[in-house]
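What follows is a single structure, and I will ask about it in a moment.
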Amino acid sequence: MSDYPEIAARFARDTAGHEMVVLHDDGLYRHLRFAPKDSSLCWWDLITWPYNLIVNGSHGSFHFCRFGPDTEDMLVLFRDSRAGRSINPQYWEEKLRAGDAKSWSEAKFRAFLIEEAAELESRYPGTVEAVGKQILNSDEHSIEYRETAQFACSQFRHGDVTLRFPDEWELSFDEFDWKYLWQCHAIVWAIAQYDAASKAVLR
């Protein structure tokens, strides 16, 4: 399973000079802030209370919640559920109560259209070229958003060919949003900083 290395690299660059400030630390009730020493670029807060964790900052806000006898401390959940990976966005999405983990992927939809056009080409010659001109490389239509992609498909004309936009339950063109993945890395990094600081105090 991919750990989204491009996001991991971006997170590392964005947080090279970050420091942790403990605003509150009382058992499971924590408020930790992470930012560069003299800037607010790419800042975030990590807030926990029993069965809940919020990460909020420059790259969005996400609220995770899980009730269970062994998950009162959400830091434990995030530590233990990584399964040897840097992040576990699929599993953590199941615990998401607020915030959008996924967003429309133009690249994914573009790949779908290219494949669809190729399959139709043998029965309807010229489909590949028509899809390219009318949608993929068009100045008139955009597929940057779901709504505009749906409209582009509805306006497509090439002989008897029609392009049906699949229902979401049938085929999703959503992918994990980079901000969600960035914040997943932020949680893991924050926990590591907090654990290291806690161990230093105990020495």
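How about segment 84-111: which of its residues are more than 30 Å from Thr48 (Cβ to Cβ) and open to solvent by 60 Å² or more (accessible area, probe 1.4 Å)?
Once the filter is applied, which keeps residues that are more than 30 Å from Thr48 (Cβ to Cβ) and open to solvent by 60 Å² or more (accessible area, probe 1.4 Å), segment 84-111 yields Glu106, Ala107, Lys108, Arg110.
Got a number for residues in segment 36-75 being on the phi > 0 side of the Ramachandran plot and hydrophobic (A, V, I, L, M, F, W, C)?
Selection size over segment 36-75: 1.
Within segment 54-75, can you find the residues that are in contact (Cβ under 8 Å) with a residue 60 or more places away in the chain and either touching a Lys or Arg at 6+ places or on another chain (Cβ under 6 Å) or surrounded by fewer than 15 Cβ atoms within 10 Å (Cβ to Cβ) (or both)?
Result: His59, Gly60.
Taking the stated definitions as given, is Asp80 over 19 Å from the mean Cα position of the chain (by Cα) and surrounded by 15 or more Cβ atoms within 10 Å (Cβ to Cβ)?
For Asp80, the condition - over 19 Å from the mean Cα position of the chain (by Cα) and surrounded by 15 or more Cβ atoms within 10 Å (Cβ to Cβ) - is not met.
Hey, does segment 152-167 have a residue that's within 30 Å of Cys42 (Cβ to Cβ), small (Gly, Ala, Ser) and either modelled with pLDDT of 85 or more or within 23 Å of the chain's Cα centre (by Cα) (or both)? I'd like the intermediate steps shown before the answer.
Step one: of segment 152-167, the residues within 30 Å of Cys42 (Cβ to Cβ) are none.
The answer is no, given that none of the residues of segment 152-167 is within 30 Å of Cys42 (Cβ to Cβ), small (Gly, Ala, Ser) and either modelled with pLDDT of 85 or more or within 23 Å of the chain's Cα centre (by Cα) (or both).
The values are calculated or read from the model by the stated rules, or taken from the named source; none is laboratory data. Since this is a predicted model, take the numbers as computed values, not measurements. Positions of Cβ are generated from backbone atoms using ideal geometry, with glycine treated the same way; all protein chains shown enter the neighbour counts. To get the accessible areas, we keep the full protein, side chains included, count just its heavy atoms, and leave off ligands, DNA and RNA. Shrake-Rupley method; radii C 1.70, N 1.55, O 1.52, S 1.80 Å.
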